[in-house]
Amino acid sequence: MPNSPSDRPAAPRRVTVQRKGPLLMEGPVEVELEDGSVVTSDRFRVALCTCRRSRRYPWCDTSHRDRA
């Protein structure tokens, strides 16, 4: 029986870690938040906030630059 696209493993996503900045991730992505809700982005690259200062959390809005 031929393999369907759902049988194949997904290609790995690249995540770039920055010392004083967001995690940069190749998109599209789905992010599951602590409360169980899921947010999505279909952009080719997203910046995920790691400092929790973003008003658009989990997406980075560069608020970390104010105090970094």
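Count of the stretch 29-68 residues, restricted to those that are of a type in the set (Lys, Arg) and more than 13 Å from the chain's Cα centre (by Cα), is 5. Taking the stretch 1-24 as the range and being of a type in the set (Lys, Arg) and at pLDDT 75 or above as the test, the residues that pass are Arg13, Arg14, Arg19, Lys20.
The values are calculated or read from the model by the stated rules, or taken from the named source; none is laboratory data. The structure displayed is predicted, hence computed values, not measured ones.
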